[in-house]
Amino acid sequence: MAHTPEMRDQNPMCNARKKNGDKCRAFAGQGTSHPGIGACKFHGGATDNHAKAAIKRELTKRMIVMGEPVDDVSGIQALLQELAASTGHVGWLRQQIADMNQDELGTPYGQTVVSMYGTERDRKARIARLAIESGVDEKAIQVADAQMMLLGQALSKACDTAGVETKLKRRIGAALREEFAVIEAQPKSLAQLAQN
């Protein structure tokens, strides 16, 4: 198939080295089950290993949506964010596996998903262990307590500024304490996250 310059500009190329040393000018994944990703059929793209690698790249792209860099993140926040992200990835991959039948699990796609599931579970366990060893649970509780205290002070000042009566202010405070008690009764600790 003849490729126009526009097609070459809009689509990735195979770029594998040919015997003469030139780069392959076929489209990435051309003639394979993974068009647009990896090597073309002339350079091994149709083999199971190339198919699995292409599937892994595509799954990784879909699984992880990169956001803007965050400048002011603490070590605790970074560990907790990574643990939460990894837990989400494990859940997503687990659902992908649950949605497949036995025949689908035997395909390169199914095998890749199962492999990624195991890898991501290991990653989650490593992050959880590191966070527990670093005392993140205790530090996160201290931060949450400090935030609650600041929230209570801010709410009290806001009530004063708005001219809320003392009786109503006490009722609001009691209602807030009840809500906080419900939240505290259902903690999501790192140990619980690691077990999922």
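The values are calculated or read from the model by the stated rules, or taken from the named source; none is laboratory data. Note that the structure is predicted; figures quoted are calculated from it, not measured. We place every Cβ from the backbone using ideal geometry, glycine too, and count neighbours over all the protein chains shown.
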Restricting to region 76-134, name every residue that is buried (at least 18 other Cβ atoms within 10 Å of the Cβ) and of a type in the set (Asp, Glu). 120
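Residues checked against (1) at pLDDT 80 or above; (2) among the aromatic types (Phe, Trp, Tyr); (3) not in a helix (DSSP H, G or I):
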residue: 96; (1), (2), (3): yes, no, no
residue: 132; (1), (2), (3): yes, no, no
residue: 147; (1), (2), (3): no, no, no
residue: 151; (1), (2), (3): no, no, no
residue: 156; (1), (2), (3): no, no, no
residue: 164; (1), (2), (3): no, no, yes
residue: 177; (1), (2), (3): no, no, no
residue: 181; (1), (2), (3): no, no, no
Kindly evaluate residue 29 against the criterion of being in contact with a strand residue (DSSP E or B) (Cβ under 8 Å, 6 or more places away or on another chain), in a loop (DSSP other than H, G, I, E, B) and at pLDDT below 85. no
Only one of 111, 77 is in contact (Cβ under 8 Å) with a residue 24 or more places away in the chain and either of a type in the set (S, T, N, Q) or in a helix (DSSP H, G or I) (or both), namely 111
Output the qualifying pairs, or none if there are none: Cβ atoms under 8 angstrom, residues six or more apart or on different chains, first residue in region 162-176 and assigned by TED's automatic domain parsing to the domain that holds residue 152, second residue not in a helix (DSSP H, G or I). 172/164
Give the residue, chosen from 75, 45, 36, that is over 30 Å from residue 130 (Cα atoms), at pLDDT 75 or above and out of contact with any Cys (no Cβ under 8 Å at 6 or more places or on another chain). 36
